[in-house]
Amino acid sequence: MGKRHIAIVGGGAAGFFAAITAAEAAPESTVTIYEATAHLLAKVKVSGGGRCNVTHACFEPRELVKRYPRGARELLGAFSRWQPRDTVEWFETRGVKLKTEADGRMFPVTDSSQTIVDCLLGAARQAGVVIRTNCGVKGVERVVADGATKENALGATRSTFRLTLSTGETVACDRLLLAAGGNRSNAGFTVAEQFGHAIELPVPSLFTFNIKDPRLADLAGVSVEEAATEVVGQKPIDRLRAPGKAEGLKERGPVLVTHWGLSGPGILKLSAWGARSLHDCGYKFTLRVNWAPKYNPETARAALEQARAANPKKQITTWCPVGLPSRLWEKLVAAAGLAPEAIWTGIGNPALRGLAAQVCEAEFAVDGKSTFKEEFVTCGGVRRSEVDFKTMESRLVPGLYFAGEFLDVDGVTGGFNFQNAWTTGYLAGVAMSAATEV
């Protein structure tokens with residue numbers, strides 16, 4: 001019996017976590033990470049605006065899975081084995097303390113993603129992981145026990161894989177993990193398909209909405225702490241499948257006006273839940289926004305009438321009775337057809353109804369999307385039903401494993417995608433190190 005070789009395709013969060021886990025659990029094995037680019041842990045480095053949103057302070061698996069538009073059912077069991085509390089402990093035992101912000105996001109106390117990168121690189125080196133950059137995997141063959149080379153030899157319990165690298169080399173491994181992210185041009189998807197796996201088409205998730213509208217012009221940087229957003233006129237395919245969610249593509253959360261349209265958690269979460277259906281409609285749809293969701297059109301109208309009665313001589317643009325930023329309020333006043341110098345007493349009931357509608361039922365034509373910073377997340381990947389989420393091993397090919405965004409699993413913004421990487425990477429690492437047939 002030779003020395004076990006565990007090969008990991010992808011030098012990102014999931015790949016590193018799996019490699020470290022496997023190498024620490026099976027020090028007699030050789031664990032190698034193959035990264036096609038020159039950059040290791042690239043997404044870790046740029047995430048959270050350079051601070052790295054490591055995970056989220058949600059320690060109940062049944063609540064945690066509600067943040068995953070795709071993969072909630074499968075991750076429930078996985079999170080019972082490795083969840084955010086375990087992630088926090090893992091980093092803290094390696095000298096990296098995390099802090100929790102008001103919205104539940106967790107960051108290193110240093111507020112620097114380099115702290116997380118250095119921790120993972122250091123742990124990998126200490127565990128003896130071999131790291132090869134600028135070294136992609138171009139093809140994989142499976143060699144079954146009788147020595148014959150076959151593709152998708154189902155039911156075999158002992159096999160090795162022969163990897164053809166971008167350097168021209170050929171190497172053998174006993175366990176193979178594909179953790180190369182969710183990019184649709186990923187060569188790993190070709191390998192997975194070669195072995196009979198179905199790939200759900202990767203499409204963008206976590207994106208901002210492109211909107212050209214006079215109500216948003218010159219407002220870049222203005223944010224509303226809590227807004228209700230809803231996609232209208234589109235079939236909410238993803239939302240209907242999501243656990244614990246009502247019908248319709250609806251969200252609540254902070255909304256930020258950008259130079260291109262709208263962003264912020266209230267938009268990004270909506271894009272995640274609707275990733276597939278919004279792709280299918282070409283990112284052209286109508287977005288309805290309630291800028292003050294504690295009001296509906298009727299209660300907002302009543303609040304405006306009370307403001308008129310209390311301040312009849314005040315200029316309407318100098319005071320917003322529903323708590324919106326002044327610059328946004330001025331735009332909504334203009335959109336309702338009111339002059340900026342108008343005073344409250346001069347505004348009739350029909351105009352107040354129109355203003356209430358601008359506050360609570362503003363509709364915007366979305367025409368395209370923009371990537372949210374550099375944190376590109378995809379919906380799609382290896383079909384979940386073809387993977388054992390206890391071990392992350394393929395149900396079709398023994399010895400083949402998957403982790404991270406390579407799977408058809410994705411979460412909303414807030415550290416949930418990294419938690420998927422840590423959890424599935426850990427489970428794959430444990431399973432690969434425990435496998436005895438080599």
Checklist line | Residue pairs meeting the criteria (Cβ under 6 Å; at least 6 apart or on separate chains; first more than 16 Å from GLY10 (Cβ to Cβ), in the stretch 168-181; second modelled with pLDDT under 95) | finding: ALA172/THR160; ASP174/ARG4; ASP174/THR160; ASP174/VAL438
Notebook entry, point to check: Can you pull out the strands (runs of 3 or more DSSP E) entirely within the stretch 60-133 that have at least 3 residues that are over 17 Å from the mean Cα position of the chain (by Cα)?
Noted result: 98-100, 130-132
Note to self: Anything in the stretch 1-52 that is assigned to a helix (DSSP H, G or I), aliphatic (A, V, I, L, M) and surrounded by fewer than 20 Cβ atoms within 10 Å (Cβ to Cβ)? List them, or say none.
What the structure shows: ALA25, ALA42, VAL46
Checklist line | Single match in GLY404, GLY415, GLY381, GLY368 (criterion: closer than 29 Å to ASP280 by Cα and surrounded by fewer than 16 Cβ atoms within 10 Å (Cβ to Cβ)) | finding: GLY368
Notebook entry, point to check: Under the condition of being surrounded by fewer than 18 Cβ atoms within 10 Å (Cβ to Cβ) and touching a helix residue (DSSP H, G or I) at 6+ places or on another chain (Cβ under 8 Å), which residue from the stretch 319-329 is farthest from ARG301 (Cα to Cα)?
Noted result: SER326
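The values are calculated or read from the model by the stated rules, or taken from the named source; none is laboratory data. This is a predicted model, so every value here is computed, not measured. Virtual Cβ from ideal backbone geometry, glycine too; neighbours counted across all protein chains shown.
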